[in-house]
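Read through the structure below, which is laid out as structure tokens, and then see the notes.
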Amino acid sequence: MTGDPDISDALSFEQKSEKMRTILRSFESVAVAFSAGVDSTLVLRVALDELGADNVVAVTGRSDSLARAEFEAARRIASTMGARHVVLDTGEFDNPSYVRNPTNRCYHCKTTLYTRLAAFIRDQKIAVIANGINADDYGDYRPGMEAAKEFGVRSPIAEAGMTKQDVRTLSFQLGLETFDKPASPCLSSRVQYGEEITPKKLKMIESGEEFIKSLGITECRVRHHNNIARIEVPTSQFVMLAASEVVARIDAHFRSLGYQYVTLDLRGFRSGSMNEVIAFVKLQPVS
């Protein structure tokens, strides 16, 4: 069936890359849901190569859950590529189901985004919406993918069976600056499930992560648990936070943001760690 992902390892890297190009050529015109991450940047680059700038538009959803640095990166990268770039205000905070932060929060967020995108492509007479889902994403808990399916959003990378490593390899070959960019999911993913999401909390998280990165940490997450900030950094970089003066600076900064307690997760950085609790809590999705 068209649009179904082929996540087998039967194809070589070159075959998967060509299959992705073939899929994109079949679209005729496309709106790429563009976050400036490694996946959506590759989709945008290849779409421009295969369809031409007149038939491609990069669309970024703007909200409090998108870090300012990521939004600016999206504007800059789209401009550098010569892509038309459109910004849509998503307004997910108007949706009580999203604000309540159930385990399927991502579904409500993506439903809001794709509703706006669907209206946009109808108005602009664009054939297809495409996202940057890759084959590895099917092994994680991603309720937003259900929303994509409901709106007929295409995933050319996943449909070609390309893994995250394939994406990084092809991005490197194409000279994309994002080839080794760490994942940067939305700020709302840092708030524990069941705790209401507010713009204030997201600003606390964003400021906290910016501060940790200013210390030379390459990758981090600030997980928000009411009045507790749980900091995740790679275990290899724990030593960078061990000096007493650094500890004092971190404590002072996070307290100034409104956190009462500041902790370092001894398991280290791991993407999607908030999903670890799903099997242990009874937080029902909100329909």
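Every read-out reported here was derived from the displayed coordinates using simple, explicitly stated rules and does not represent laboratory data. Owing to the predicted nature of the structure, the values given are computational and were not obtained by experimental measurement. Methodologically, a virtual Cβ is constructed for each residue, glycine included, from the backbone with ideal geometry; neighbour enumeration extends over all protein chains shown.
Remarks
- Residue count, region 116-150 (criterion: in contact with a Ser or Thr (Cβ under 9 Å, 6 or more places away or on another chain), within 17 Å of Val86 (Cβ to Cβ) and of a type outside the set (A, V, I, L, M)): 5
- Enumeration of residues in region 160-180 that are charged (D, E, K, R) and either surrounded by 15 or more Cβ atoms within 10 Å (Cβ to Cβ) or assigned to a helix (DSSP H, G or I) (or both): Lys164, Asp166, Arg168
- No other residue among Ala127, Ala147 is surrounded by fewer than 18 Cβ atoms within 10 Å (Cβ to Cβ) and under 20 Å from Leu113 (Cα atoms) apart from Ala127.
- Odd one out for Glu245, checked against (1) touching a residue at least 12 places away in the same chain (Cβ under 8 Å); (2) more than 17 Å from Ser188 (Cα to Cα); (3) of a type in the set (D, E, K, R): (1)
- Filter result (charged (D, E, K, R) and surrounded by 13 or more Cβ atoms within 10 Å (Cβ to Cβ)) within region 234-252: Arg249, Asp251
- Residue pairs whose Cβ atoms lie under 7 Å apart, sitting 6 or more positions apart in sequence or on different chains, and linking a residue in region 107-124 that is more than 15 Å from Asp94 (Cα to Cα) to a partner that is small (Gly, Ala, Ser) and not in a helix (DSSP H, G or I), are Leu117/Ala31; Leu117/Ala33; Phe120/Ala31; Ile121/Ala31.
- Odd one out for Ser188, checked against (1) over 18 Å from the mean Cα position of the chain (by Cα); (2) under 21 Å from Asn95 (Cα atoms): (1)
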